[in-house]
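I'd like to ask you about the structure that follows.
The values are calculated or read from the model by the stated rules, or taken from the named source; none is laboratory data. Computed from a predicted structure; not experimentally measured. Every residue, glycine among them, receives a Cβ derived from its backbone with ideal geometry; neighbour counts consider all protein chains shown.
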Amino acid sequence: MSAVGLIGIILCLAALPFYPPARTQRGLLLFACLLVLHIAASVAFYEYALTSSADASLYYFDATGLRRSEMGFGTIFTIKLVQAVKAVIGGTYLDFFLIFQTFGFWGLLFFQRCIEHAQRHFGDAITPPPYWLLFLPGLHFWTGAIGKDAPLFLCVGLATWASIRLSSRAIWFAVAVAIMLFFRPHIALLAAGALAGAALFGSKSSLIVKAFLVAVCIGALAIVAGTVEKSLIVDLSDPASVGAFLEQQQQRAGWIPGATNLQNSFFLVRLFSLLFRPLFIDAGGIFGLVSSFENLAYIVVIGFMTWNWREGVQLFRAALEYRFAFFFALTLTVLLALTYYNVGLGLRQKTMMMPALLSFFAAQWMLHRARINYWTYAAGADRSVAETDHPVDSPVSAR
């Protein structure tokens, strides 16, 4: 690591002034633990990339010479970005891992702010399970490498956080969508569409406010859709064109060595594979084992959300941020499942939706705990009244 790599670490530390939890001893400790874990995961990914095939080498070494092609989005933009920074400040392969992990680390902090919002919303008592999600290894590993995943993770976390108080944070939501456009235009389209859906289904907003939000979102959708059509060469207004594009994406499985042959599988099989594979029986090596434990955690998360669906409906009705998180996580999950063909790719790409999905889970968990605490308190209050009304039968009066 050279001095260039220190830039990444310094950029992580630069989050401290904008990170209110760090003003407490508990928050500062959590910040330090997340930073150490995230940098360690980034270095681990670097070591992995030295001996295995990884997209990071495509962006850093650019063996195909794509940096000389016309300006584009997605892979081409990422290559040009890395090569431009490399030409200005230099830096080793490891240095750029440390620079890109900054995006993932800031994304984790925005995700944490979403958890804290739910905590304040449903009671100030800290319940640990939602905070444990911050230490899921995949959230650190896949967002610690050179590539598109770390910036996208940051943007989804930023957009989810901005949706909490959209009236004062609309500019940050716009920034998140703008950055998404450069790395994955279709994700920007989903974010704009999710916000439009969240605004449309709101019951507390006035008709004028709702119409304004929907109009703004439709305008953003039109801009983003044009970029997506140019980038993916697909006509979004033509169902046949969209269907042909999805079919082409699925057929890529036959062109990629070692890809999981699931392009002809039933949709629910691909959906399960996307969310929960590998799962011990199909895990290979230490990475497969760690991923299996992480997927076990996702089974618990999604199982809890499904079992307590009534509370999920209540959240959906309650606030725009929860509707945005729901629509974004749902539509992205469906899209990824439709084009899913590889376990490794699924592990990496599903990280994009986690800030929205896990933020919704955190709120659902907090609401569930608040209800339990309320009914426990109510039951205790009823017993106290009963003991006061019948002092002869009361254990308290007997003592």
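Of all residues in segment 91-130 being among the hydroxyl-bearing types (Ser, Thr, Tyr) and at pLDDT 90 or above, which is farthest from the chain's Cα centre (by Cα)?
Thr92
Right, something else. Only one of these is surrounded by fewer than 24 Cβ atoms within 10 Å (Cβ to Cβ) and within 29 Å of Ala54 (Cβ to Cβ): Gly144, Gly138. Name it.
Answer to the check: Gly138.
What tally of residues in segment 278-301 results from selecting those that are of a type in the set (A, V, I, L, M, F, W, C), part of a helix (DSSP H, G or I) and over 17 Å from Phe111 (Cβ atoms)? Don't jump to the end; show me each part of the working.
Taking segment 278-301 and keeping what is of a type in the set (A, V, I, L, M, F, W, C), we get 279-281, 283, 286-287, 289-290, 293, 296-297, 299-301.
With the extra rule that they be part of a helix (DSSP H, G or I), the set shrinks to 286-287, 289-290, 293, 296-297, 299-301.
Still in the running and over 17 Å from Phe111 (Cβ atoms): 286-287, 289-290, 293, 296, 299-300.
The qualifying residues number 8.
Cβ-Cβ under 8 Å, sequence separation 6+ or interchain: first residue in segment 297-317 and within 23 Å of Phe280 (Cβ to Cβ), partner polar (S, T, N, Q) and in a helix (DSSP H, G or I). Which pairs?
Going by the 8 Å Cβ cut-off, the qualifying pairs are Phe304/Gln364; Met305/Gln364.
Has segment 203-212 got any residue that is at pLDDT 90 or above and among the aromatic types (Phe, Trp, Tyr)?
Residues of segment 203-212 at pLDDT 90 or above: none.
Within segment 203-212, none of the residues are at pLDDT 90 or above and among the aromatic types (Phe, Trp, Tyr).
Right, something else. Within the bounds of segment 18-27, is there any residue that is under 27 Å from His117 (Cα atoms) and in contact (Cβ under 8 Å) with a residue 40 or more places away in the chain?
Yes: one or more hits.
When you look at Arg113, is it surrounded by fewer than 24 Cβ atoms within 10 Å (Cβ to Cβ) and either aromatic (Phe, Trp, Tyr) or in contact with a helix residue (DSSP H, G or I) (Cβ under 7 Å, 6 or more places away or on another chain) (or both), yes or no?
yes
So, of the residues in segment 340-399 that are aromatic (Phe, Trp, Tyr) and out of contact with any helix residue (DSSP H, G or I) (no Cβ under 7 Å at 6 or more places or on another chain), which turns out to be modelled with the lowest pLDDT?
Tyr377
Taking the residues in segment 3-26 that are outside any helix (DSSP H, G or I) and in contact with a helix residue (DSSP H, G or I) (Cβ under 7 Å, 6 or more places away or on another chain) as candidates, determine which candidate is nearest to His140 (Cα to Cα). Steps first, answer last, please.
Within segment 3-26, the first condition is being outside any helix (DSSP H, G or I), and the residues that meet it are 14-15, 19, 24.
Narrowing further to those that are in contact with a helix residue (DSSP H, G or I) (Cβ under 7 Å, 6 or more places away or on another chain): 15, 19.
Details: Ala15: 17, Tyr19: 19 Å.
The qualifying residue nearest to His140 (Cα to Cα) is Ala15.
Here is a follow-up. Among Leu11, Leu94, Leu16, Leu34, which is surrounded by 17 or more Cβ atoms within 10 Å (Cβ to Cβ) and either among the aromatic types (Phe, Trp, Tyr) or closer than 25 Å to Ala159 by Cβ (or both)?
Leu34
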